[in-house]
Amino acid sequence: DRKPPDAPPLFSVATATDRKPPDAPPSSSSDSGTALASSKPPAQSAPASFANNTDTLNAELRRSTMANRNTCTEVVLLACGSFNPITNMHLRMFELARDHLHETGRYLVLRGIISPVGDAYKKKGLVEATHRVAMIEKAIQLSDWLTLDTWESKQNEWVETVKVLRHHCENLKNQFVTDKKNATQCRKGKKRKIEDKDVCLIDEKDMPQLMLLCGGDVLESFGVPDLWKKEDIEEILGTFGMVCISRHACNLQKCIFESDILWQCRNKIHLVTEWIDNDISATKVRRALRRGHSIKYVVPDPVIDYILWHQLYDQHSEDRNSGVVLAPFQRYREESSRNAV
């Protein structure tokens, strides 16, 4: 009559609605993301050599590029967007862009920057920037080259992409000058005073080049009336350049050919095709959550935990900014009306 003890099932099926986060109080940290305690063991950091040597199939090419860095243009990639929420495809865009630029033999990617848009963008379904910033922090916590910048997200008004690029370009310049001065001070182990004239000798051509990283939908949006200024597009492409990730079904070459502005700057646009079919988008992730479906393997696990804990992306949040005019449309249409008068 002895019965074996009850054993837990081998497989557990749960949806986003019946899954519950571990009972744990929110962290008291002042960080905007509010790190959460969890009953799961803490994630172990990847070995130092893992990200550099085994994350992509062309690690050997990457090492070769590093060896020839003196002949390569150093690049910093900047991705702007809602990241509502950040997905694995957002992260994969950086990997694809870095691989492509390294394969040319002309560029060395130093780091990637993720800049989430502020709440004033007024996009439908956009949750608060504090949540989106926190999710990005969790998504990149194991990356050794991706960083988060919150400057754009903290602005009270919507900031045009070209102004975000200028902001980061100025930051790069200041960092470059500082590094150059420090290197000069320590040359041959001798300390010496740095005069202002030494700063003037720094050639900005030696600075890392800032490039905008985006998906094919952004390139196509350049043709949407009142969404972009013509002069902003010219500066983005002419001054900074762009790495554009497209799915194989997209015809961005046709998009470039049919636009006079894009055609003139076509040499500054790096088109990268994602040959591994996927249709991941933040919009579909939010819809899956509203349907109570799993989003595992589509969004990083720490981000999923954060979403469940804070109960983000329900019908109420999706209706946020419903009926509100998107910030670019409102601003540019008002400018057009004033100019017409």
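The values are calculated or read from the model by the stated rules, or taken from the named source; none is laboratory data. What you see is a predicted model, and the numbers here were worked out from it, not measured in a lab. FYI the Cβ positions are ideal-geometry reconstructions off the backbone, even for glycines, and counts take in every protein chain you see. Areas reflect the complete protein model, heavy atoms only, side chains present, ligands, DNA and RNA absent. Shrake-Rupley method; radii C 1.70, N 1.55, O 1.52, S 1.80 Å.
Which one of Arg92, Arg111 is of a type in the set (Lys, Arg), at pLDDT 65 or above and assigned to a strand (DSSP E or B)? Step through it out loud before you land on a result.
Numbers: Arg92 fails: assigned to a strand (DSSP E or B).
That would be Arg111, the only listed residue that is of a type in the set (Lys, Arg), at pLDDT 65 or above and assigned to a strand (DSSP E or B).
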Counting only residues in the stretch 324-335 that are not acidic (Asp, Glu) and not in a loop (DSSP other than H, G, I, E, B), the one modelled with the lowest pLDDT is identified as Arg333
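Quick check on Thr71: is it of a type in the set (Val, Ile, Thr), free of Cβ contacts under 8 Å to residues at least 12 places away in the same chain and out of contact with any Lys or Arg (no Cβ under 8 Å at 6 or more places or on another chain)?
Working: of a type in the set (Val, Ile, Thr): yes; free of Cβ contacts under 8 Å to residues at least 12 places away in the same chain: yes; out of contact with any Lys or Arg (no Cβ under 8 Å at 6 or more places or on another chain): yes.
For Thr71, the condition - of a type in the set (Val, Ile, Thr), free of Cβ contacts under 8 Å to residues at least 12 places away in the same chain and out of contact with any Lys or Arg (no Cβ under 8 Å at 6 or more places or on another chain) - is met.
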Number of positions in the stretch 123-141 that are in a helix (DSSP H, G or I), under 14 Å from the mean Cα position of the chain (by Cα) and β-branched (Val, Ile, Thr): 2
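Need a quick list: helices (runs of 4 or more DSSP H) entirely within the stretch 225-323 having at least 2 residues that are hydrophobic (A, V, I, L, M, F, W, C) and open to solvent by less than 60 Å² (accessible area, probe 1.4 Å). Full working, then the answer.
Details: elements: 230-235, 252-257, 260-264, 282-290, 301-310, 315-318.
Ranges flagged: 252-257, 260-264, 282-290, 301-310.
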Being in a helix (DSSP H, G or I) and touching a residue at least 40 places away in the same chain (Cβ under 8 Å) is the requirement here; does Arg338 meet it? no
Test set (1) open to solvent by less than 90 Å² (accessible area, probe 1.4 Å); (2) at pLDDT below 90; (3) closer than 22 Å to Arg106 by Cα - Glu204 fails condition number: (1)
Anything in the stretch 131-164 that is in contact with a Ser or Thr (Cβ under 8 Å, 6 or more places away or on another chain) and either in contact (Cβ under 8 Å) with a residue 40 or more places away in the chain or open to solvent by less than 20 Å² (accessible area, probe 1.4 Å) (or both)? List them, or say none. Arg132, Val133, Ala134, Ile140, Leu142, Thr150, Glu152, Ser153, Val164
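Take Gly216 and decide whether it is touching a Leu at 6+ places or on another chain (Cβ under 8 Å), small (Gly, Ala, Ser) and modelled with pLDDT under 95. Please lay out each step first, then the result.
On the way: touching a Leu at 6+ places or on another chain (Cβ under 8 Å): yes; small (Gly, Ala, Ser): yes; modelled with pLDDT under 95: yes.
Yes, satisfied.
Could you count how many residues in the stretch 95-112 are open to solvent by 10 Å² or more (accessible area, probe 1.4 Å) and under 14 Å from the mean Cα position of the chain (by Cα)? First the steps, then the outcome.
Just the residues of the stretch 95-112 that are open to solvent by 10 Å² or more (accessible area, probe 1.4 Å), to begin with: 95-96, 98-100, 103-107, 109-111.
If we keep only those that are under 14 Å from the mean Cα position of the chain (by Cα) too, we end up with 95-96, 98, 111.
Adding up the residues that qualify gives 4.
Can you find a residue in the stretch 164-173 that is in a loop (DSSP other than H, G, I, E, B), modelled with pLDDT of 95 or more, over 15 Å from Pro116 (Cβ atoms) and not small (Gly, Ala, Ser)?
Our first condition is that a residue be in a loop (DSSP other than H, G, I, E, B); within the stretch 164-173, this holds for none.
Taking every residue of the stretch 164-173 in turn, none turns out to be in a loop (DSSP other than H, G, I, E, B), modelled with pLDDT of 95 or more, over 15 Å from Pro116 (Cβ atoms) and not small (Gly, Ala, Ser).
Right, Ser281: modelled with pLDDT under 90, in contact with a helix residue (DSSP H, G or I) (Cβ under 9 Å, 6 or more places away or on another chain) and within 19 Å of Cys80 (Cβ to Cβ) or not? Even if it seems obvious, please write down each step before you answer.
Details: modelled with pLDDT under 90: no; in contact with a helix residue (DSSP H, G or I) (Cβ under 9 Å, 6 or more places away or on another chain): yes; within 19 Å of Cys80 (Cβ to Cβ): yes.
No.
Take the stretch 123-150 and flag every residue that is of a type outside the set (Asp, Glu), under 23 Å from Val76 (Cα atoms) and touching a strand residue (DSSP E or B) at 6+ places or on another chain (Cβ under 7 Å).
So in the stretch 123-150, the residues of a type outside the set (Asp, Glu) come out as 123-127, 129-136, 138-143, 145-148, 150.
Checking the rest, the ones that are also under 23 Å from Val76 (Cα atoms) come to 132-136, 138-143, 145-148, 150.
Answer for the stretch 123-150, where residues must be of a type outside the set (Asp, Glu), under 23 Å from Val76 (Cα atoms) and touching a strand residue (DSSP E or B) at 6+ places or on another chain (Cβ under 7 Å): Arg132, Val133, Ile136, Ile140, Trp145, Leu146, Thr147, Leu148.
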